[in-house]
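Visitor: Submitted below is the structure of interest, expressed as C-alpha cells.
What follows draws every value from the coordinates through simple rules; no lab data is involved. Given the structure is predicted, the values throughout are model-derived calculations rather than measurements. Note that we place each Cβ from the backbone using ideal geometry, even for glycine, and neighbour counts take in every protein chain shown.
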Amino acid sequence: MTPATLNTKPINDANRLGLDYEAEAGRFQYTGPIIDVHTHIGTLESSRLYFKIADLFGVTKTVSMTKLENIDGILEDLGERRDRIEFIAVPNYEAATEPGTFTTDWLYRMEKFREKGCRIVKFWAAPRGRDLDREAFLMDSPTRRESIKLAYDLGYRMFMTHVGDPDTWFEKKYLDVKKYGTKAQQFEPLEDLLDEYDDVTWIGAHMGGWPEDLAFVQGMLDRHPNYVLDTSAAKWQVRELSRRPERFRAFCERNAGRVLFGTDIVANDTNIDFDLYASRYWALRTLMETGYDGASPIVDPDLHMVDPTVDEKSTARLRGAGMDGAVLKTVYHDAAAEVLGY
C-alpha cells in the first residue's frame, strides 16, 4: 500500500514522510476491532488525544501502564466508555530516585492496583534498570522474587515482562558485560520463573525482547506454553522485523494466539502530539497488513548510534509482511481477547 498523502503535512520526527495520518487510517484492509495490550497512557489530558487516535485506527480496547494516582481521573473522564481501558500495575517511575520506590512503595502500590481491579502486573527488567537499582531490577534477585510472590499471592495471574533490549544497545550501550550481562543471559532467570509460576500467563513485551532472533523466541514459546508475546516498541519492531517480513509473517501464522498486538505508545503531558501517537499505529499496521516497501515515517536514533555517518534524522526501511485477514484478526484482536478474557 503506497501512502496516498505523502508530503501533505508538516515534517517532524514522527512524520518524516509528511503523511496525513487521519486520512491514512481509513485505508487499511483490516476493519475489525483492535486490542492494544501495551501502552503508557500517563495523564488525563494526553488520554483525550490518545483515544481520538485510537478511534481512528480501530482500537477498541487499550491496556495501559498508568500511574496509580491517575487511574480514577481517566476512568471518570471516559464515563460510559470506561471499559475501553484496562490498567497494568507498575512502580512509580516518577519517583525513581527516591528510597523505597522499587521496594516498599512498589509492594504497597501493587496492592492498591489490585484493589482497583488490576489483573496484570509489569516486571520491568531491562539491563539499564541496573543503573537505577540493581537489586530491584534483576529478575532473580531476592527483592524481585519478593515482589513476584506478593503479586501471585494477591491474585495476579498475568505478568508482563521486559527483558533484553535491542541488539543495537548491546552493541553500543551495554558494553560492560559484568554489569549488564550478555543478551542471552537476560533470559535465563526468566525461563526459571516461567517454570516456577507455570499457572501464570507471562507476556513478553517487544516480541519477547528479541525480534532480531525469532528462532530464539520460538524456542521460548515451545518450552513454555504459558508464555505469549506482544509487538510493542514500534521503532524497534519496524527496524528489525522489516529485514525479513516473510519470516515475521510465518512466525505469526505458526504461533496463532500467542502474538498480541501492542504499540508502546507513551502519552503524557510533555508529549501531547497527534503525529507521535498516530505514527505508531500507522507504522505497525503498515508492517503487518501491507506490502509497502519504503521509508518508515519515524526517526530511528539507533541508526545514527550504530553508524555516526548516518544522518540523525534517518528512518528505518519499512517492509510490510502482508498478513492475510485471518492472521490479522488473530493478532489484532482474538489472541488478546482469549488471553485477557475479553
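Visitor: If you wrap a convex hull around the alpha carbons of the range 300-342, what volume per residue comes out, as a whole number of Å³?
Guide: Taking the convex hull of the Cα positions in the range 300-342, it is 110 Å³ per residue.
Visitor: Does anyone have the angle between helix 214-223 and the longest principal axis of the chain? Alpha-carbon axes, 0 to 90°, nearest 10?
Guide: With both axes taken from Cα atoms, the answer is about 40 degrees.
Visitor: To test your reading of the geometry: what angle, between 0 and 90 degrees and rounded to tens, separates the Cα axis of helix 274-289 from the longest principal axis of the chain?
Guide: 80 degrees
Visitor: Let me ask something else about it. Which cross-chain or sequence-distant (5 or more) residues have an amide H under 5 Å from the amide H of Ile41, H modelled 1.01 Å from N in plane?
Guide: Sorted by chain and number, the residues that satisfy this are Met65, Ala267.
Visitor: I've got another one for you. Run through the DSSP bridge list for the range 32-340 and note the antiparallel percent, rounded to the nearest 5.
Guide: Around 10 percent antiparallel, to the nearest 5.
Visitor: Then there's this: Could you calculate the contour length gain from Glu98 to Ile272, that is, 0.36 nm times the residue separation minus the distance between their Cα atoms, to one decimal place in nm? Display every interim value, and only then the final one.
Guide: On the way: separation 174, 0.36 × 174 = 62.64 nm, distance 2.69 nm.
Net length gain for the segment: 59.9 nm.
Visitor: Mind checking the dipole of the chain: about its Cα centre, +1 per Lys or Arg Cβ, -1 per Asp or Glu Cβ, Debye to the nearest 20?
Guide: For the chain, the charge dipole is close to 460 debye.
Visitor: Which angle from 0 to 90°, rounded to the nearest 10, does the C-alpha axis of helix 245-254 make with the longest principal axis of the chain?
Guide: Once rounded, the angle reads 50 degrees.
Visitor: At a 10 angstrom cut-off on C-beta neighbours, averaged per residue, how do the peptides 234-242, 110-118 rank from highest to lowest?
Guide: Those peptides, ordered most packed to least, come out 234-242, 110-118.
Visitor: Hey, another quick one. Average projected area of the Cα convex hull of the range 186-305, in nm²?
Guide: Hull-based average projected area comes out at 8.8 nm².
Visitor: Let me ask another. Among Thr309, Thr270, Thr168, what is the fewest-to-most ranking by other Cβ atoms within 10 Å?
Guide: Thr309, Thr270, Thr168
Visitor: Tally Lys/Arg at +1 and Asp/Glu at -1 over every other residue whose Cβ is under 13 Å from the Cβ of Ile272; what's the total?
Guide: -2
Visitor: Students often get this wrong: which residues of the range 102-125 have the backbone nitrogen under 11 Å from the point 7 angstrom along Cα-to-C-beta of Arg145?
Guide: none
Visitor: Also, quick follow-up: Over the Cα atoms of the range 112-187, Rg to Rh with Kirkwood Rh, two decimal places?
Guide: The Rg/Rh ratio comes out at 1.04.
Visitor: So how far apart, in nm, are the two label points at Lys329 and Asp131 if each is 7 Å from Cα heading toward Cβ?
Guide: Modelled inter-label distance: 4.5 nm.
Visitor: Using only helices, what value at 222 nm comes out for the chain when you add -39,500 (n - 2.57) per DSSP H run of length 4 or more and divide by the total residues, to the nearest 500 deg cm²/dmol?
Guide: Rounded to the nearest 500, the figure is -11500 deg cm²/dmol.
Visitor: What percent do you get for the relative contact order of the chain when only Cα pairs under 8 Å and 6+ apart count?
Guide: Across the chain, relative contact order equals 21 percent.
Visitor: Students often get this wrong: which residues of the range 122-151 have the backbone nitrogen under 14 Å from the point 7 angstrom along Cα-to-C-beta of Glu111?
Guide: Residues 147, 150-151 qualify, since their backbone N sits under 14 Å from the label point.
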